[in-house]
């Protein structure tokens, strides 16, 4: 398990590491860590455009939260705790 890197260099490095791990039969879990939402998911929920303002982040972020509920129903062991933690973080940021 390691933290997903958003920089180009880190992404290339991580692809190599994941490929080597897969060849060795090692399951790799990647988590977001220093950001509230996964950067790729945030861009995706903003119509595949990077967020350029806090209002765009505030509009795109809740769409990701609703996706967590769906994922939790599909993979409850892995997603349940993460979903609860993220929803609390989102509510705090959005002042809900």
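Key figures
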item: Anisotropy class of the stretch 11-65 from Cα gyration tensor, a/c 1.5 cut; result: prolate
item: Computed FRET value (nearest 0.05) for residue 63 with residue 9, which takes r as the C-beta separation and R₀ as 30 Å; result: 0.55
item: Sorted by Cβ neighbour density within 10 Å, fewest at the top, the residues 29, 36, 20, 42; result: 29, 20, 36, 42
item: Computed FRET value (nearest 0.05) for residue 23 with residue 56, which takes r as the C-beta separation and R₀ as 35 Å; result: 0.35
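Here, each number is a calculation from the coordinates, and none is a lab measurement. What you see is a predicted model; the values in this text were computed from it and never measured. Positions of Cβ are generated from backbone atoms using ideal geometry, with glycine treated the same way; all protein chains shown enter the neighbour counts.
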